[in-house]
Amino acid sequence: MGTTSAPRRLPRRPASSLAERWTTVDGVDVFYRESPNPPDAPAMMHVHGFGLSGRYLLPTAERLADDFHTLVPDLPGFGRSGKSPTGLHIPDLAHAAARFLDDRGIDRVTLVGNSMGCPVILEFAHHYPERLERAILVSPAGGIYNQPLRRAVGQLTRDGGREPARMVRVATPDYLRFGVPSTMKMFRALTQYPSLDRLLELSVPTLVVLGDRDPLMPHHERVREVAAETDNHVLLVRIEGAAHAINFSHPGELAHLIRLFMADEPITDDPDSPGHAQLWEIHRGSHLPPPTS
């Protein structure tokens, strides 16, 4: 059987302050970034979106690297990692994430996802509930709101004009490497995924972060209405001025929000980014731990 490995070349110039490393999971070469000196702290893994690598997640991830054992892999089939022999369906990616954590010797983890990374986290929780400490879902994508394909393309086009211009330089090489056939296959898998059902199944504290300029998401009031229909563990927060790729465009505000959530502290604006973007708590599930102060 042929190898699915990719050439193990590190970038000439590292993309961030995180250490850049390779490992092999199920015969596939996996490229990942990690806290250079992992602190004695809970593990936190960042899960990228549709067609992308983990590179655009780095602005947020590196701000958290001193607080958490931080990992940012390129899942098999994405970025610099080798192609997956099993496929690009959401369950395949969730199992690949679990096996990557096995390879790193990590039993329990908090997962931070953006866009497609959020369904991957929900599927991970479905299969490995005992391994998930907390879930952080940033701009979750998928489901009926992004159907059909022409609607999703229009949403992505509008979002592109709302993201920082430098995002194009980061995303374009990833999309070209991912390719059109994989894009079509992944789109079908993503839009058919039961994200809402899986979200309401979660039994761990879950932070959902929405940007008020994100064209790929329903209006935040509609999301709040759905979240409030049942008792749950969801904290829903809106970042004013953000579009879809919040992990890249608003890393300071998002890292600040993640620290507050992990410590069960009240949601407040980031003191290091005055006037840049406001954080608004719009729903707190009845099963969440109450704020500690």
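Is the shape of region 30-141 rounded, prolate or oblate, going by the alpha carbon gyration tensor and its root eigenvalues a ≥ b ≥ c, with a/c under 1.5 for rounded and a/b larger than b/c for prolate?
Rounded shape, in that the Cα axes give a/c under 1.5.
Would you order 136, 258 from fewest to most other beta-carbon atoms within 10 Å of each residue's own beta-carbon?
258, 136
Step through the residues of region 224-231 one at a time and calculate ³J(HN,Hα) from phi using the Karplus curve (6.51 cos²θ - 1.76 cosθ + 1.60, θ = phi - 60°), rounding each to whole Hz and writing x for Gly and Pro.
Values per residue, Gly and Pro as x: 4, 4, 5, 4, 7, 6, 8, 5 Hz.
Across region 100-116, in residue order, what do the Karplus-derived ³J(HN,Hα) couplings come to in whole Hz, using 6.51 cos²θ - 1.76 cosθ + 1.60 with θ = phi - 60° and x for Gly and Pro?
Whole-Hz 3J(HN,Hα) from phi for region 100-116: 4, 5, 4, 4, 8, x, 10, 8, 10, 8, 9, 10, 10, x, 10, 6, 4.
Taking the Cβ of each residue in 203, 182 as the centre, tally the other Cβ atoms inside 10 Å and list the residues starting with the fewest.
So the ranking, lowest neighbour count to highest, is 203, 182.
Which of 237, 170 has the fewest other C-beta atoms within 10 Å, and how do the rest follow up to the most? Don't skip to the end; give the middle numbers.
On the way: 237 22, 170 19.
Ascending number of Cβ neighbours within 10 Å: 170, 237.
For residue 69, which sequence-distant residues (separation of 5 or more, or a different chain) have an amide H within less than 5 Å of its own amide H, given hydrogens modelled in the peptide plane?
Residues meeting the amide H criterion: 41, 43, 44.
When the convex hull of the Cα atoms of region 219-293 is projected onto a plane and the area is averaged over all directions, what value comes out in nm²?
Mean shadow area of the hull around the Cα atoms is 5.1 nm².
Computed from the coordinates by the stated procedures, all read-outs in this text should not be read as laboratory data. Note that the coordinates shown come from a computational prediction; the quantities given were computed from them, not determined experimentally. With ideal geometry, Cβ positions are generated from the backbone for all residues, glycine too; neighbour counts draw on all protein chains shown.
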